[in-house]
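The values are calculated or read from the model by the stated rules, or taken from the named source; none is laboratory data. Keep in mind the model is a prediction, meaning the values are calculated, not measured. When we count neighbours, we look across all protein chains shown, and the Cβ atoms used for this are built from the backbone with ideal geometry, even at glycine. Quick note on the areas: whole protein, heavy atoms, side chains included, nothing else; ligands and nucleic acids left out. Shrake-Rupley method; radii C 1.70, N 1.55, O 1.52, S 1.80 Å.
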Amino acid sequence: MNMFDDEHDAKPRILICDDHMPTRLIGRKSLQKVGFDVIEVENGEDCIKLFQQDPPDIAIIDIIMPGIDGFDVCYQIKDVSEKNNIPLIVMTGLDDNESISKAYNLGITDFITKPIEWKIASHRLRYILRANNDRIELNTMLDKLQRSENRLANAQRIAEIGSWEWTTGEGGEMFWSPQAFKIFGYEVNQCKPSLQALLQHVHPDDRVLLEHSIRKAIHRRESLEFEYRIYVPNKIDAVVLQHIEPYVDETYNMVVLSGTVQNITERKRSEEQIKYMAYYDNLTGLPNRRYFKDQVAQHVHYAKRHNKKM
């Protein structure tokens, strides 16, 4: 069984570029035995053409070749190799650091020296491929995560919803999302997120409500939802809907206090407008019959509940 039978159905394609035919022959037979699909070219021109037409999964390129040498080859295929995440391995009989440094500056992944022990080299190539695949998967995951975060940020911006987290305990820190900064009346990263920074822009009449609710969520481990007003000088007051969610560890100790905050100013205005239209005459602005009947019903209910006359 070769080293790739348990990993991939398709054999990894490896390119050997060397003007020395015995090296190509021994390398092809050795690598085929352990599961590689080997392609051979004898000069730099053919190597460049192959990369442009049908790039391999990994390439071994000799440094010293007539015509276009390995350095020029690596330089000309660098864009293709980086775009397709193709590891480049150079073969060299040179032992000077200058040549090795020059090769690394051209984007090679690793180097091997001649004469090559192909059995050992095959394992080295296997691990290079595995590490490269792991890196590709990690980059793919990071790209997906970044796109997901961008979508979430756009959704929060459109819905005017921000989020925050507060690590409780000694030395605890607070985190605000970009939209939370805006809702709280700050430019993004204008200040260090903290409860004090938030309270500065909470309406004075609602600060006690917010502080009391946070203490209640911490001490009772309760989820809470409530409204308060954000006051920013020279701007219209905003009404926000705050949701608080406590998170505890295995021993029921508070770890993180998480929250979402949504600007519901327009919704509140719409509710007030609908309420006004329902209870007041559009022409005169006076309370209408529905308002009268509703007030009477409330007072009758109050009188019955407290055994009083109305």
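Could we say that Glu272 is farther than 20 Å from Pro204 by Cα, at pLDDT below 85 and under 31 Å from the mean Cα position of the chain (by Cα) here? For Glu272, the condition - farther than 20 Å from Pro204 by Cα, at pLDDT below 85 and under 31 Å from the mean Cα position of the chain (by Cα) - is not met.
Only a single item in (1) touching a residue at least 24 places away in the same chain (Cβ under 8 Å); (2) open to solvent by 60 Å² or more (accessible area, probe 1.4 Å) is not met by Cys74, and it is number (2). Go through the residues of the stretch 251-266 one by one and say whether even a single one is in a helix (DSSP H, G or I), surrounded by 10 or more Cβ atoms within 10 Å (Cβ to Cβ), without any contact (Cβ under 8 Å) to a residue 40 or more places away in the chain and not aromatic (Phe, Trp, Tyr). Yes, that holds for at least one residue. If you go through the stretch 288-310 and pick out every residue that is among the aliphatic types (A, V, I, L, M), assigned to a helix (DSSP H, G or I) and surrounded by fewer than 11 Cβ atoms within 10 Å (Cβ to Cβ), you end up with 1.
(1) farther than 21 Å from Val255 by Cβ; (2) open to solvent by 20 Å² or more (accessible area, probe 1.4 Å); (3) in a strand (DSSP E or B): which one isn't true of Pro233, the others all being true? Against the list (1) farther than 21 Å from Val255 by Cβ; (2) open to solvent by 20 Å² or more (accessible area, probe 1.4 Å); (3) in a strand (DSSP E or B), Pro233 comes up short only on (3). Of everything in the stretch 209-224 that's in a helix (DSSP H, G or I) and within 16 Å of Leu241 (Cα to Cα), which residue is most open to solvent (accessible area, probe 1.4 Å)? Only one residue fits best here, namely His212.
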